[in-house]
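Contents: one structure, followed by commentary.
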Amino acid sequence: MKTNLILMVACTFLFSCQNQAQNKSVVAKTKSETTMKQNIYTFKVEDINGKTFDFASLKGKKIMVVNTASKCGLTPQYKDLQALYEKYGSENFVIIGFPANDFMKQEPGTNEEIGAFCQKNYGVTFPMMSKISVKGKEMHPLYKFLTQKSLNGLEDSDVGWNFQKYLLDEQGELVKVISSRTNPMDDEITSWLKA
């Protein structure tokens, strides 16, 4: 009887240890899966006209994501963004603009006002999305992906100002972060497009 009791306690202990090990393994797997490198194709956003824009539709293209503003000292970059798009847009490249009002409230307009401004002043034809937040508590999930190494697999970054550029390759993976002050027609960008 005493032997049975000892065997029962030993079995219960082993079963309990095995369950704990399995639970730890599941937790570890879940943690590694949540910090696994993503690509941009998992995201759907709203364009400036309120329609769904699916990044999966851009598979096989190089992508530049840029946060924009209409009342910034860098706003004239719209002209060079458009020139870049016109020059390389037919070669599997697209620019995606995200208006954001995060820096000194330099993008106060509505989506309709922003769209009209871009068209009238710069003839923008590259896709523009609905206004979002690119930093802080209200940061859009797409920008969490772009700025967090645990999600993008490349590097952590902060969006320092309007017109910061994120370059993604044909697999939708982040490959480079470009400063706001770097002109869209800079060799750093055009050489990447030609490569």
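The values are calculated or read from the model by the stated rules, or taken from the named source; none is laboratory data. Keep in mind that this is a model prediction, so the values were computed, not measured. Reconstructed Cβ throughout: ideal geometry from the backbone, glycine too, with neighbour counts over all protein chains shown.
Looking at GLY123, GLY160, GLY153, just one residue is over 13 Å from the mean Cα position of the chain (by Cα), farther than 20 Å from ILE48 by Cβ and surrounded by fewer than 19 Cβ atoms within 10 Å (Cβ to Cβ), and that residue is GLY160. Exactly one residue among LEU174, LEU193, LEU167 is over 17 Å from LEU84 (Cβ atoms) and of a type in the set (A, V, I, L, M, F, W, C), and that residue is LEU174.
What are the residues in region 36-85 that are without any contact (Cβ under 8 Å) to a residue 12 or more places away in the chain and part of a helix (DSSP H, G or I), if any? Correct list: SER57 only.
Exactly one residue out of ASP156, ASP102 is free of Cβ contacts under 8 Å to residues at least 12 places away in the same chain and either assigned by TED's automatic domain parsing to the domain that holds THR52 or closer than 15 Å to THR75 by Cβ (or both): that is ASP156. Where residues in region 76-115 are β-branched (Val, Ile, Thr) and in contact with a strand residue (DSSP E or B) (Cβ under 8 Å, 6 or more places away or on another chain), which of them is surrounded by the fewest Cβ atoms within 10 Å (Cβ to Cβ)? The extreme case among them is VAL94.
The sole residue among SER57, SER25, SER16 that is over 18 Å from TRP161 (Cα atoms) and at pLDDT 95 or above is SER57. In region 129-148 there is no residue matching the filter, namely being more than 24 Å from PRO99 (Cβ to Cβ) and assigned by TED's automatic domain parsing to the domain that holds TYR85.
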